[in-house]
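Q: Below you will find the structure I want to go over with you.
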Amino acid sequence: MQGLLDTLFFEYPMTTTLVLLLLGGLVTVVAGQRSAAAAKAVAALSLAAALTVNVLLLLNVYLAGPVSHRFPWLGPEEAPIATLGFLGDGLSVPVAVLVLALGLFSVIYSFVYMRGLNNHGLYYGLMVWFVAAMVGVLYATDLLQFFVFYEAMLVPAFALVYLYGVSEDPEVRARNALQFWVWTALGGLISLFAVFMLYGALGTLDIATLQSMRGLLQVDLARLIGLVFLLGFGIKLGLVPLHVWAPRAYGEAPIPVLVLLSGAMTKTAAYGVIRIVIPLFADVMRSLSTGLMAVSLITMFYGAALAIAQRDLKMMLAYSSISQLGYLMFGYSTMTLIGVSGAVFQLVNHGMLASLMFFCAGAVEMRTGTMEFSGLGGLGPKMPGLATAFVIGGLALSGTPPMSAFAGEWMIFAGAAERAVLAGVGQPYYLALTVLGVVATGLTAAYYLWAIRRVFYGPVPEGLESVTDAPVTVLAIVSLIVLPVVVLGIWPRLLWVVVERVLSTFPLGG
Amino acid sequence: MFVPLGLAAWLVFAVPLTGAALTPVFAKVHESLRDAMAVLVGFVTAFIALDMVPEMLASPSSTDIVLLRWNVVAGHVIDFGVLVDPLSVLLATIAGGIGSLIVLFSVGYMTGYDEDGNLVKDPALTRYYGFMQLFIGGMILLVMADNLLMTFIGWEVVGMCSYALIGFWHNRAQPSPVPEYATEGEYNAACGMKAFMVTRVGDIGLLAGILLLYFITGTFNYTEILETAPTWVGGLTSLTLGLLPIAALLVFAGPIGKSAQFPLHTWLPEAMAGPTTVSALIHAAAMVKAGVYLVARLVPIFLEVFTSVASLMVFFQTVAWIGAITAFMSATMALVQDEIKKVLAYSTISQLGYMFMALGATGLVAEGVAAYTAGTFHLLAHAIFKALLFLAAGSVLHAVQSKSMRDMGGLSREMRVTAATFTVGALSLAGVFPFIGFWSKELIFEALWHGEQYPLFAVAFITAILTAFYTFRMVGMTFFGEKSQHVRDLEAHGHHVHEAPPVMTVPLVLLALAATVGGLFELAFFGFFSGVRTGEAVHFDWSHLAPFSLGVTTLFTVVVWGVGIVPAYLIYFRGGYDFSRLKTGALYRFLVNRWYINRVYHRVFVDGYLWLSRALRDRLEAGLLASGEDVARGMARVSRGWRRTMTGVLNTNVLAMMLGIVAFLCIVLFL
């Protein structure tokens, strides 16, 4: 028994995680046909078990270095076309822990939030499968494998948005879900097209092998493939003007699903950029740096401007999420080690903070029945616990230390500043890009503080006099998110000690 | 003395930060324990800070102590440490010492009476004491940190606390003082947000500037920047040389915001919406002093490289002139305020302007060290007398339940201690001998006069006259002259105006004492900063710069008393003149509307931005989303049947998608 556990947890932890989740999802669906409680329990337990395995794996990575194993998949065993490989290193494991934790939180949050489900098994099973597919993406060592999981996660995601959307009218729900599916599938297919081009050129799909062969690629071809990849990932990240799928999908999805969409799913695209595009196409990225920085800046500003114009808390958060992913891309675009490091930090931060904010918004809705600003106000003294979490989250997203987002954001802007100093006064646009990047944090503060004022301060509207603080489940979840937000803000090295090892092997300047 | 320096340097901010974190825990045990612990934490902090002073007085030195490896990114090692030198100890003492008195004062001040006349405590005091301690801790962290990034962290912690504390009374249901908001709570919350946002504008420049400086100098650490100056200056190319003044100016944007200098001074008067104790903390001990501190911290570094990078002159000129413009502008605004706290607010802005004038002049005058000493000494002086004035004003507000000076008058009989201590503060602010403000202002005058900065001196001189006038206008309207209708009404209802309890008067007396004898510290300041490099000319003549010197500038000071105080005395103490005609004049309207700056900002930056974002939402985004949906529908139609494709696909919908993609590619490829 001991030997079996060792094998499962320490030798093949990634495979164990996936099998746990896939089977867990299946059992959830089956059990859910009999009893709602069983579905909830199985879903939560399988996610909790997977999370435990991955936390142990994270410790293992810290102490002993990366873990990997691969199985031949397609083609002959000695020279496979595609392998089924799993790599747990300082980059993939922290993100996997994040995704699994968000998955677990969303499922537990659903216990109190998703009332009136008629098929608990289906809902919770889809949630577990959605998480499973995302984890599969993170651990993939092979491009084909990466994209199989990448596309597969859309199936549960689409079903969740379609079946459990908030619109009363099924036709509206179908339309929004379809739009989400078409656009994100399109993003995936575009990237898949790049995978085939890459295979055609170099004859392998193994990411590590490709990284060592990247010099062999023709410059023009590399540029083309790199661009196609960026376009694909850009759609899923929601870079303006490719974000058109996001607002409707975010608006439609119920809060727990939205947390997985915004907090976790977009991270797989961000992860794709750092895992595939930056190591394989560093030169391409570098040559496109200024343009990408401009696109990211547009995303940051556009998202911020639309966020402040929303009448609804949920939609404000949705646009905020788009804007925040612009920061992330801005960090990548600087193509300096410090800027990319900041972006990866932001990846983790945004996963935590966007989810925190959505959870809070959902709790406000649970208690008041609305997320419209016009119907809210003065909730601070009535919901002190929730208000505290929301204010911390809002300030953190505005880049206020000592919260974690600052620990990432300063690095993102440092990347731009490094480019600006390298370029000197001869190319002042880098200087302008740096300053404008920081300006976006000010705009973020503007819409969050205004939202806080409108929701938590001032007089209480009629009908909300008897509102009480959020359910204990919700308060526990938001506290568990706030904790790492503050701890990592005070001492970011806790996270960086594992991530830095991976990033320093990437071909980046600085 | 009692605590080893290396330990004291980090305990001094660790204690209040820990106190802040534990406040909710203490509150769970008992309300009184929470209040007592806040006071205790305040005084322990003050003790530790004061404990470092004798060592600095005996031998001014600079020690850098690393505490924690904060992060290592891309080969950049970022350590978190503390820097113990006269400047940091001075600021820590101000924040801790004055902060502790303010926390003590709060115990008496943050109470009120319900309708039956029973003493009640503010229900949200846990939040209050927690943020007050965090505020003090953040400020001390800011000044003790040994590098720019950690200073920035403390800087933002302070900003966050000011946001929370200015908007502290966010659910008060009384009518708002301005028509834009329904309740006072909404107004208070809006003021807190305004403070945070306006200072944020400066912080944007600060962060960008810090990061640029980092890549220019290769380090965030103050000591290292100074020590390796020849190396990194030598490494500058013609392209990067020009970046240094830009970075310096960007960094200065931070102090402009935090220390409420023109053009980002607009938040400070609104910051009066918070409890008066918070105003005292913001104005005297923390927050606005942070900007002055940062400039004082960086000036020696820029002086060090001044000979190699002559373009840094623009930095010193900007600092001095921003200070001068602000000092004058806000002094004129203070002339027409009716609220006692507003007068004090504008006077703070104005006095901070003096500090920047002096610090900027460090690079302009031969007597750099005198200017530098003057700036930092004025910082100390202002901290003492402004804390005193605010707390005394708080005592008055507590007694008469109104903010307006028109509702006061003749209070000196009932509130003897408050009136006496307030007058000491006012004399100090007006620069009257022998109070601390006299010595610090005199030193600024000297540095500017002997440094032959006559335009700056003229502004300083005129502003001093205005200061003396509005200060004594305030004293007269509050404590002397006739009792106002409001006070008489209160007395008629049996609510006699009374002196504050000892928990409030003891801090007042202590501060008044410090304001009276504080001038003696001038000598120590010369000792502290004699190592600071001189500005333009290397030649340095001490003869007309002895500490406590009286000279030609003293004559100007006497003129200030005569021209400023005497008319104020005649008009507001004696009374009998009628100036109500002036209230319809254009000048009055211009001043009372704060030179219309505030209004223009609001129109352009708040209304304009909201208008723009709504236009984007209704026009651009609505169209984008619609076409995005069309793409989805078009694609769905494709999959539905081949027949449809002939007519369904090649329509504008797909065109829209293609355009989106092309736009993306164009931006990426061609920018």
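Q: Would you mind finding the one in B:Phe220, B:Phe196 that is within 14 Å of chain A (Cβ to nearest Cβ) and touching a strand residue (DSSP E or B) at 6+ places or on another chain (Cβ under 8 Å)?
A: None of the other options fit; the residue is B:Phe220.
Q: Within the stretch A:455-510, take every residue that is within 8 Å of another protein chain (Cβ to nearest Cβ) and free of Cβ contacts under 8 Å to residues at least 24 places away in the same chain and give me the one that is nearest to A:Gly377 (Cα to Cα).
A: Per the criteria, the residue is A:Trp491.
Q: Is it true that some residue in the stretch B:208-219 is crowded, with 24+ Cβ neighbours inside 10 Å and not in a helix (DSSP H, G or I)?
A: No: the stretch B:208-219 contains no residue that is crowded, with 24+ Cβ neighbours inside 10 Å and not in a helix (DSSP H, G or I).
Q: Let me ask another. Could you tell me which residue of the stretch B:153-163 is surrounded by the fewest Cβ atoms within 10 Å (Cβ to Cβ), considering only residues that are more than 7 Å from chain A (Cβ to nearest Cβ) and under 15 Å from A:Ala407 (Cα atoms)?
A: Here the answer is B:Gly154.
Q: Considering only residues of the stretch B:52-73 that are buried (at least 21 other Cβ atoms within 10 Å of the Cβ) and in a helix (DSSP H, G or I), which is nearest to the other protein chains (Cβ to nearest Cβ)? Steps first, answer last, please.
A: Let us first name the residues in the stretch B:52-73 that are buried (at least 21 other Cβ atoms within 10 Å of the Cβ), namely B:52, B:56, B:70-71, B:73.
From what is left, the residues that are in a helix (DSSP H, G or I) are B:52, B:56.
Details: B:Met52: 24, B:Met56: 28 Å.
Of everything passing the filter in the stretch B:52-73, B:Met52 is nearest to the other protein chains (Cβ to nearest Cβ).
Q: Please find, among B:Gly291, B:Gly274, B:Gly323, B:Gly254, the residue that is within 18 Å of B:Leu359 (Cα to Cα), touching a helix residue (DSSP H, G or I) at 6+ places or on another chain (Cβ under 8 Å), within 14 Å of chain A (Cβ to nearest Cβ) and touching a residue at least 60 places away in the same chain (Cβ under 8 Å).
A: The conditions single out B:Gly254.
Q: Within the stretch A:287-303, which residues are more than 7 Å from chain B (Cβ to nearest Cβ) and among the small types (Gly, Ala, Ser)?
A: Correct list: A:Ser287, A:Ser289, A:Ser296, A:Gly303.
Q: Out of the residues in the stretch B:74-102 meeting the condition of being assigned to a strand (DSSP E or B) and in contact with a helix residue (DSSP H, G or I) (Cβ under 7 Å, 6 or more places away or on another chain), tell me which one is nearest to the other protein chains (Cβ to nearest Cβ).
A: That would be B:His76.
Q: Could you say whether any residue in the stretch B:423-444 is in contact with an Asp or Glu (Cβ under 6 Å, 6 or more places away or on another chain), touching a residue at least 12 places away in the same chain (Cβ under 8 Å) and over 18 Å from B:Ile384 (Cβ atoms)?
A: No: the stretch B:423-444 contains no residue that is in contact with an Asp or Glu (Cβ under 6 Å, 6 or more places away or on another chain), touching a residue at least 12 places away in the same chain (Cβ under 8 Å) and over 18 Å from B:Ile384 (Cβ atoms).
Q: Could you tell me which residue of the stretch B:164-181 is farthest from the other protein chains (Cβ to nearest Cβ), considering only residues that are closer than 21 Å to A:Tyr448 by Cα, more than 18 Å from the chain's Cα centre (by Cα) and without any contact (Cβ under 8 Å) to a residue 60 or more places away in the chain?
A: Filtering the stretch B:164-181 for residues that are closer than 21 Å to A:Tyr448 by Cα, more than 18 Å from the chain's Cα centre (by Cα) and without any contact (Cβ under 8 Å) to a residue 60 or more places away in the chain, the one farthest from the other protein chains (Cβ to nearest Cβ) comes out as B:Glu180.
Q: Grab the helices (runs of 4 or more DSSP H) fully contained in the stretch A:1-66, keeping just those with 2 or more residues being among the basic types (Lys, Arg) and under 21 Å from the mean Cα position of the chain (by Cα).
A: Numbers: elements: A:2-6, A:13-34, A:36-64.
Passing ranges: none, list empty.
Q: Under the condition of being charged (D, E, K, R) and more than 28 Å from the chain's Cα centre (by Cα), which residue from the stretch B:396-428 is surrounded by the most Cβ atoms within 10 Å (Cβ to Cβ)?
A: Only one residue tops the list, namely B:Asp407.
Q: So, one more: With the condition kept exactly as written, say whether any residue in the stretch A:365-378 is part of a helix (DSSP H, G or I), surrounded by fewer than 24 Cβ atoms within 10 Å (Cβ to Cβ) and basic (Lys, Arg).
A: Looking only at the stretch A:365-378, we keep the residues that are part of a helix (DSSP H, G or I), and these are A:365-368, A:373-375.
Next, from what is left, pick out any that are surrounded by fewer than 24 Cβ atoms within 10 Å (Cβ to Cβ): A:365-368, A:373-375.
When the remaining residues are screened for being basic (Lys, Arg), the result is A:367.
For the stretch A:365-378, residues part of a helix (DSSP H, G or I), surrounded by fewer than 24 Cβ atoms within 10 Å (Cβ to Cβ) and basic (Lys, Arg): present.
Q: Which condition does A:Leu117 not pass, out of (1) assigned to a helix (DSSP H, G or I); (2) within 29 Å of A:Ile255 (Cβ to Cβ), if it passes all the others?
A: Of the numbered conditions (1) assigned to a helix (DSSP H, G or I); (2) within 29 Å of A:Ile255 (Cβ to Cβ), the odd one out for A:Leu117 is (1).
Q: Also, quick follow-up: I need the helices (runs of 4 or more DSSP H) fully contained in the stretch B:388-481, keeping only those with at least 1 residues that are within 30 Å of B:Pro177 (Cα to Cα) and in contact with a helix residue (DSSP H, G or I) (Cβ under 6 Å, 6 or more places away or on another chain).
A: Filter on the stretch B:388-481 gives B:416-430, B:454-479.
Q: When you go through A:Thr434, A:Thr400 one by one, which is the residue that is surrounded by 18 or more Cβ atoms within 10 Å (Cβ to Cβ), closer than 25 Å to B:Phe168 by Cα, among the polar types (S, T, N, Q) and within 9 Å of chain B (Cβ to nearest Cβ)?
A: Residue meeting the stated conditions: A:Thr400.
Q: I want to confirm something. Restricting to the stretch A:437-453 and keeping residues that are aliphatic (A, V, I, L, M) and over 18 Å from A:Ile338 (Cα atoms), which single residue is surrounded by the fewest Cβ atoms within 10 Å (Cβ to Cβ)?
A: A:Val439
Q: OK, next. Looking at this structure, is A:Leu356 out of contact with any Asp or Glu (no Cβ under 9 Å at 6 or more places or on another chain), farther than 27 Å from A:Phe105 by Cα, more than 14 Å from every other protein chain (Cβ to nearest Cβ) and buried (at least 24 other Cβ atoms within 10 Å of the Cβ)?
A: Taking the combined requirement at face value, the residue does not satisfy it.
Q: Looking only at helices (runs of 4 or more DSSP H) that lie completely in the stretch A:212-273, which have at least 1 residues being over 22 Å from A:Tyr123 (Cβ atoms) and in contact with a Leu (Cβ under 9 Å, 6 or more places away or on another chain)? Break it down stepwise before answering.
A: On the way: elements: A:219-237, A:246-252, A:255-258, A:266-272.
It comes to A:219-237, A:246-252, A:266-272.
Q: Within the stretch B:197-207, is even one residue of a type in the set (S, T, N, Q) and surrounded by fewer than 21 Cβ atoms within 10 Å (Cβ to Cβ)?
A: No, because not a single residue in the stretch B:197-207 is of a type in the set (S, T, N, Q) and surrounded by fewer than 21 Cβ atoms within 10 Å (Cβ to Cβ).
Q: Still on this structure: Determine if the stretch A:167-187 includes at least one residue that is without any contact (Cβ under 8 Å) to a residue 60 or more places away in the chain, assigned to a helix (DSSP H, G or I) and more than 24 Å from A:Pro256 (Cα to Cα).
A: yes
Q: The conditions are (1) out of contact with any Asp or Glu (no Cβ under 6 Å at 6 or more places or on another chain); (2) of a type in the set (Ser, Thr, Tyr); (3) in contact (Cβ under 8 Å) with a residue 12 or more places away in the chain, and B:Thr228 fails exactly one of them. Which is it?
A: Failed condition: (3).
Q: Let me ask something additional. What helices (runs of 4 or more DSSP H) completely inside the stretch B:276-368 contain at least 1 residues that are acidic (Asp, Glu) and either out of contact with any strand residue (DSSP E or B) (no Cβ under 9 Å at 6 or more places or on another chain) or surrounded by fewer than 24 Cβ atoms within 10 Å (Cβ to Cβ) (or both)?
A: Of the helices (runs of 4 or more DSSP H) lying wholly inside the stretch B:276-368, those with at least 1 residues that are acidic (Asp, Glu) and either out of contact with any strand residue (DSSP E or B) (no Cβ under 9 Å at 6 or more places or on another chain) or surrounded by fewer than 24 Cβ atoms within 10 Å (Cβ to Cβ) (or both) span B:288-304.
Values quoted throughout were computed directly from the atomic coordinates according to the rules given, and no laboratory measurement underlies them. Bear in mind the structure is a predicted one, so any value in this text is a computation, not a measurement. Counting neighbours? That spans all protein chains shown, and the Cβs are built from the backbone with ideal geometry, glycine included.
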